[in-house]
Amino acid sequence: MKKILLLGSGELGKEFVISAKRLGCHVIACDSYAGAPAMQVADEFEVFSMLDEAPLRAAIAKHKPDLIVPEIEAIRTEVLLDVEKQGFEVIPSARAANLTMNRDRIRDVAVGLGVRTAKFNYAESSEALLSQAQAIGFPVVIKPVMSSSGKGQSVAKTEADIQASWDYACAGMRGDRKKVIVEEFINFEFEITLLTIRQRNGTTLFCPPIGHVQERGDYQYSWQPQAMAADYLKAAQEMAEKVTGDLGGAGLFGVEFFVTAKEVIFSELSPRPHDTGMVTLISQNLSEFDLHARAVLGLPIPVIECVEGASAVVLADREGKDPSFSGVSAALQEPGVDVRIFGKPTTRPFRRMAVALAKGDKALDRARAAASKISVHVSSTH
């Protein structure tokens, strides 16, 4: 039985724990607050900030895990680099966790490998941001180098927007680096997540591409498969294989691309299951969480099958605690629809609390209709 230390215990971690438990693993779920979604299904849990070096080292020393599996970006990754040298295995690798904790580092890796990215630069003040934006040309996309789920991301259309974009990015930052990435606004036709699986023994595998729509930098709904030209898909797969191959290790990666009328452009990479990939809970024979578990455990993945499917998120609209949900029964009356309630103990505006899933014909319309029937109710925190 493999012992897994899970760093971060959100809804993606919860589904990963379920997949790993089904394969006989013992899981210790860690997060900065008690009652986090993955803790509800894990064997044990620890509560501490992943950015705090001492308790992170203490948890690793206490549990002596076979595998350390990060679920979030905001981790004191220097500790992971250090414990990897001591013989602990970090998924997919400590270098991958360290590079992808900050968007600037993974972007630099992609450029170094000759992968096409949006034109970009960095800024550590609003004044520097203005000059970089002028050099790239408006409109520009501005985002913190370290955040989760697109928090702090905005589009500055003119110089007048720069200060507000800087303030918004600073408010959305995780960790302790006041630094933003400023990039050209890509006039894309659609964007995709290409779930890419590096196996311990075997070739790199790809799930059919997932289309998604974001608002406020956060995914709202996704669908699979996203139709795209065969040569564009091949280009995306080649770029994904190049970057994940450089990062090394085993596991599933969420690799995001912009697709324009003329080309495919690398956007971002997460070395773990991806929020847009929640659609695979209903669209694939093996979900992204099953695939991640199999890959990290060195188990075979003979085939990935996919039917038309979609996901749509259910958001909270206010701050509160002890959420309850109405409309679930109405949502589930539609054939081919499923709902996952994450079990987060508190809410805040736009916090993702559940997801509606649908498969079959017009899956996206049906997933969105199901999500729209569900409401989140809370008692106020004040």
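What follows is calculated from the coordinates using simple rules that are stated; it is not laboratory data. Not measured: the values here are computed from a predicted model. We place every Cβ from the backbone using ideal geometry, glycine too, and count neighbours over all the protein chains shown.
Full extension of the chain between PHE350 and MET1 gives 121.8 nm of extra length, using 0.36 nm per residue less the Cα-Cα distance. Counting only Cβ charges, +1 for Lys and Arg and -1 for Asp and Glu, the dipole size of the chain around its Cα centre is about 540 debye. A cut-off under 12 angstrom between Cβ atoms defines the neighbours of TYR168, and their net charge, with Lys, Arg +1 and Asp, Glu -1, is +1. Restricting the trypsin sites (Lys or Arg not before Pro) of region 186-222 to loop positions (DSSP other than H, G, I, E, B) with no more than 16 neighbouring Cβ atoms within 10 Å leaves ARG200, ARG216. Which of rounded, prolate, oblate describes region 211-272, given a ≥ b ≥ c as roots of the alpha-carbon gyration tensor eigenvalues and a/c under 1.5 marking rounded, otherwise prolate only if a/b is larger than b/c? Oblate shape, in that a/c is at least 1.5 and b/c is the bigger or equal ratio. Between PHE190 and ARG216, the modelled labels are 2.6 nm apart [label points 7 Å from Cα along Cα→Cβ].
Fully extending the segment from ALA135 to ASP52 would add 26.1 nm, taking 0.36 nm per residue of separation and subtracting the current Cα-Cα distance.
For the pair VAL111 and ASP322, a Förster radius of 45 Å applied to the C-beta separation gives a FRET efficiency near 0.45, rounded to the nearest 0.05.
For the peptides 349-362, 129-142, 66-79, the ranking by mean Cβ contacts within 10 Å, running from highest to lowest, is 66-79, 349-362, 129-142. Here the Karplus curve 6.51 cos²θ - 1.76 cosθ + 1.60, taken at θ = phi - 60°, turns the phi angles of region 224-239 into couplings of 8, x, 7, 5, 7, 4, 4, 6, 5, 4, 4, 4, 5, 4, 5, 5 Hz, with x standing for Gly and Pro. Grab the DSSP H runs of the chain that are 4 residues or longer, score each as -39,500 (n - 2.57), total them, divide by all residues and round the 222 nm result to the nearest 500 deg cm²/dmol. Taken over the chain, the calculation gives -9000 deg cm²/dmol.
Inter-label distance, SER329 to ALA34: 3.4 nm, where each label sits 7 Å from its Cα along the C-beta direction.
Distance check, please: which entries in LYS151/LYS362; LYS2/LYS64; LYS14/LYS234 exceed 21 angstrom between their Cα atoms? Pairs exceeding the cut-off: LYS151/LYS362; LYS14/LYS234. Residue separation of SER126 and LYS85 scaled by 0.36 nm, minus their Cα-Cα distance, works out to 10.9 nm of gained length. Annotation: lysines with alpha-carbon distance below 18 angstrom to LYS359 (same-chain offsets under eight excluded): LYS373. The mean sequence distance of close C-alpha pairs (under 8 Å, at least 6 residues apart), as a share of the length of the chain, puts its relative contact order at 13 percent.
Classified by the C-alpha gyration tensor, region 3-90 has an oblate form. Its axis ratio a/c, with a ≥ b ≥ c, is 1.5 or above, and a/b does not exceed b/c.
Counting only residues at least eight positions apart within a chain, or on another chain, the aspartates and glutamates with an alpha carbon under 20 Å from that of LYS178 are ASP52, GLU53, GLU73, GLU78, ASP104, ASP108, GLU124, GLU127, ASP161, ASP167, GLU268.
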